[in-house]
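Chemist: I am attaching a structure below and will ask some questions about it afterwards.
The values are calculated or read from the model by the stated rules, or taken from the named source; none is laboratory data. For clarity, every value in this text was computed on a predicted model and none was experimentally measured. Every residue, glycine as well, gets a Cβ built from its backbone with ideal geometry; the counts of neighbours run over all protein chains shown.
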């Protein structure tokens with residue numbers, strides 16, 4: 001089997017309301033869809049959601065890098081995913097977001113060729129229920145409390161809270177949210193690198209009585225050497241996110257004792273191949289993991305949901321981004337049930353694709 005055609009599409013989907021984190025505000029899902037076709041007629045779909053502030057990529061840069069990667073992959077064997085991954089790394093450094101879209105499409109083809117769902121191709125079993133959290137974006141404390149209450153009323157079992165402003169405001173936000181939703185439902189904090197070391201230690205200690213499940217990336221990712229000190233001083237468990245892109249980062253954080261948990265995102269790891277390497281390292285060290293994402297549609301989130309089932313040490317997930325969008329261009333894919341329950345399609349491959357009518361409306365680059 002050989003790759004004989006690659007199509008890159010740019011999409012621009014409005015969010016229902018701006019999604020705000022400490023690194024900035026997002027109003028649209030500016031994503032890339034990829035369709036890879038083989039000489040045997042098997043097709044694979046992939047998606048990435050680039051982030052200028054996290055992986056340093058945009059749809060424009062993904063299109064540019066995608067041309068280099070696509071030209072190199074033409075006539076290559078899509079079933080040899082390891083070789084394709086190494087080839088992409090040899091073509092261009094970084095660019096983990098666009099590489100992840102190619103990687104997902106290759107896994108879609110390979111698992112379709114094997115006649116099994118992606119989670120089975122990755123060595124997993126569909127033996128666990130998947131429940132996503134839902135995120136409250138950064139805002140004034142009172143509005144965040146109202147939004148958190150709405151999430152609780154919808155039945156989501158976990159609420160994720162974006163923080164990273166300053167100590168006083170962030171403590172006030174969590175206190176008001178706790179007053180609104182009560183103390184039973186767990187809260188997950190995400191500072192998105194917004195605090196310095198002293199602020200992180202202070203805030204996490206101030207919130208020790210608030211039933212906080214964990215806090216993601218409290219400090220700038222370049223300051224990862226401070227994470228062990230924060231972890232030791234914090235009554236709240238610490239999760240690495242932006243400081244862990246690939247298995248090399250994971251190995252470093254594990255050896256330092258820098259975190260209790262790791263958040264794996266396909267757009268950071270360059271896709272499922274390297275994500276599996278992170279999960280293997282973390283799992284062998286007894287470290288639990290989350291599978292999160294950026295602002296992917298149900299296509300990207302479906303691939304991530306399959307990955308969730310690939311390793312029993314993956315315990316948390318953050319698959320709410322499609323629920324933030326005004327439009328759903330995906331055919332097939334994960335289904336959202338009551339209380340944040342996520343169901344995976346039991347078909348060969350990823351089980352999700354982009355509707356042709358949506359693709360027909362998008363800017364397109366064809367590589368043959």
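Chemist: Within the bounds of the stretch 356-364, is there any residue that is buried (at least 18 other Cβ atoms within 10 Å of the Cβ), touching a helix residue (DSSP H, G or I) at 6+ places or on another chain (Cβ under 9 Å) and modelled with pLDDT of 95 or more?
Modeler: no
Chemist: Looking at 78, 50, which one is closer than 22 Å to residue 242 by Cβ, in a loop (DSSP other than H, G, I, E, B), in contact with a strand residue (DSSP E or B) (Cβ under 8 Å, 6 or more places away or on another chain) and in contact (Cβ under 8 Å) with a residue 40 or more places away in the chain?
Modeler: Sole residue among the options that is closer than 22 Å to residue 242 by Cβ, in a loop (DSSP other than H, G, I, E, B), in contact with a strand residue (DSSP E or B) (Cβ under 8 Å, 6 or more places away or on another chain) and in contact (Cβ under 8 Å) with a residue 40 or more places away in the chain: 50.
Chemist: Kindly evaluate residue 267 against the criterion of being farther than 23 Å from residue 134 by Cβ and either touching a strand residue (DSSP E or B) at 6+ places or on another chain (Cβ under 7 Å) or surrounded by fewer than 24 Cβ atoms within 10 Å (Cβ to Cβ) (or both).
Modeler: Criteria not met by residue 267.
Chemist: Return yes when residue 25 is crowded, with 19+ Cβ neighbours inside 10 Å and either within 20 Å of the chain's Cα centre (by Cα) or under 30 Å from residue 218 (Cβ atoms) (or both) and no when it is not.
Modeler: no
Chemist: To continue, here is another question. Return the total of residues in the stretch 176-187 being surrounded by 15 or more Cβ atoms within 10 Å (Cβ to Cβ) and within 14 Å of residue 208 (Cα to Cα).
Modeler: 3
Chemist: Of 295, 262, 254, which residue is surrounded by fewer than 24 Cβ atoms within 10 Å (Cβ to Cβ), over 21 Å from residue 352 (Cα atoms) and modelled with pLDDT of 95 or more?
Modeler: None of the others qualify; the one that does is 254.
Chemist: I'd like to know if the stretch 325-335 contains one or more residues that are farther than 23 Å from residue 216 by Cα, free of Cβ contacts under 8 Å to residues at least 24 places away in the same chain, in a loop (DSSP other than H, G, I, E, B) and assigned by TED's automatic domain parsing to the domain that holds residue 263.
Modeler: no
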